[in-house]
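Single-structure report; data block below.
The values are calculated or read from the model by the stated rules, or taken from the named source; none is laboratory data. This is a predicted model, so every value here is computed, not measured. Here the Cβ positions follow ideal geometry from the backbone for every residue, glycine too, while neighbour counts run over all protein chains shown. Side chains included, ligands, DNA and RNA excluded: accessible areas come from the protein's heavy atoms. Shrake-Rupley method; radii C 1.70, N 1.55, O 1.52, S 1.80 Å.
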Amino acid sequence: MCTWIVQTAELNGSGKSAEGWIPLTKANVCYDHPAHAFMEHSVNIDFVNENGGTGDRVAVEISAESARQLVSAIVAALEEGSKEHGDLLAGLHA
Amino acid sequence: MADYEGMIAEITTVKGHNGDDISAYFARPLGPGPFPGVVLIHHAPGWDEWYREATRKFAHHGYLAISPNLYERDGSGSPDDVAAAVRAAGGVADDQAVGDIQGSMQFLRALPQTNGKVGVFGTCSGGRQAYLAGCAGGFDAVVNCWGGRIVMSDDEKSEKMPVAPIDYTENLSAPILGLFGNDDMNPTQAHVNALEEALKQHGKHYEFHRYDGAGHGFFYYDRPNYRIEQALDGWEKLFRFLEEHLAA
């Protein structure tokens, strides 16, 4: 928040916000001060619908270690899925 | 019997940058005054409950206090949702923020209860914007609490933030109080040193206090960054500084 440095990913999918399911078009990711998680810094991920309002958001604030485990879990899931559905890791850069 | 005291705290509207209507939280002591004024610039997490409380705290200490919503144009809703949208957009433009802050100052100066003196206070990104506003002129005192990116590398500049505030130091027209945590990563101790050097070089009246055992945002009692000893000392120094420079 204090740095205004945000990484982004284009998304195609859905997420469940406080108001229910919404389409997701983008993820905004930063390492900065969280709004809720009780830590001084966190990996903050906002899954948003750019075509919606400010409340069309699924917000996540997790520790750096949690984020590393999440990245590993996503990659592992894609590897597992590749066994049945072809190469799901194509284009993934380390 | 204690003397009667009271305050009014409410949302009002001020004319901001480009004449836009901006919501602002306004708290003032009851009574005719005269009272000094303070514009409070909210932090990056937005126009939130902490800033409501801080605005009332200044009113409790005898100030006409106003906190404009610098995220007014970025949507409505919960402060964290709006702040997330602003973060994704790279913050608010410096020109716009300064215009909104100056509009808030004009609001205070037009009040019948004013003593004619107005300061500006900000924390985090609001500390940076308070510095910019102090350099734009019109204030009688500036309080910068751990404002990051006053010192900026070229790659940190953007269309919205094209100039490092430190480069405006020559124009700073009011005494400035700076409160910083020595463990802060933004601003770092090196950033604070650079800012102090610039203020010295231009012969500005400044008072800096640097706290060991504190990082960023050590006033925020609802966050793990809170450091009670340093915060209490900081508030004391802050109100002493404002009394010195804003009393009629």
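Among the trypsin sites (Lys or Arg not before Pro) in the stretch B:130-239, those placed in a DSSP loop whose Cβ has at most 13 other Cβ atoms within 10 Å are B:157.
Over the stretch A:7-85, give the accessible area per residue in Å² for a 1.4 Å probe, as an integer. Roughly 62 Å² per residue, with all protein chains present. When chain B is treated as a Gaussian network with alpha carbon springs shorter than 10 Å, the biggest mean-square fluctuation among B:224, B:36, B:79 belongs to B:224.
Counted over the stretch B:7-246, the DSSP beta bridges are approximately 35% antiparallel.
Once B binds A, the 1.4 Å probe can no longer reach about 2000 Å² of accessible area, counting both sides. How far is the Cα center of the stretch B:69-118 from the Cα center of the stretch A:2-56, in Å? If you average the Cα positions of each part, the centres end up 23 Å apart.
Loop-located chymotrypsin sites (Phe, Trp or Tyr not before Pro) in the stretch B:1-96 (DSSP state not H, G, I, E or B) with no more than 14 neighbouring Cβ atoms inside 10 Å: B:4. Split the accessible area of the protein assembly as shown by element, probe 1.4 Å, and carbon with sulfur accounts for 51%. Dipole magnitude for the protein assembly as shown: computed about the Cα centre from +1 point charges on Lys and Arg Cβ and -1 point charges on Asp and Glu Cβ, it is near 740 debye. Shown for the stretch B:73-110: residues covered by the partner protein chains by 30 Å² or more of accessible area relative to the chain by itself (probe radius 1.4 Å), namely B:80, B:81, B:84, B:87, B:88. Structure remark: mean-square fluctuation, Gaussian network model of chain B, C-alpha springs under 10 Å; the largest value among B:23, B:67, B:76 belongs to B:76. The GluC sites (Glu not before Pro) found in the stretch B:1-74 that occupy coil by DSSP, while having at most 16 further C-beta atoms within 10 Å, are B:5. Distance from the alpha carbon centroid of the stretch B:181-233 to that of the stretch B:26-66 works out to 22 angstrom. Note on chain A: helix-only mean residue ellipticity at 222 nm, from DSSP H runs of 4+ residues weighted -39500 (n - 2.57) and normalised by residue number, equals -8000 deg cm²/dmol.
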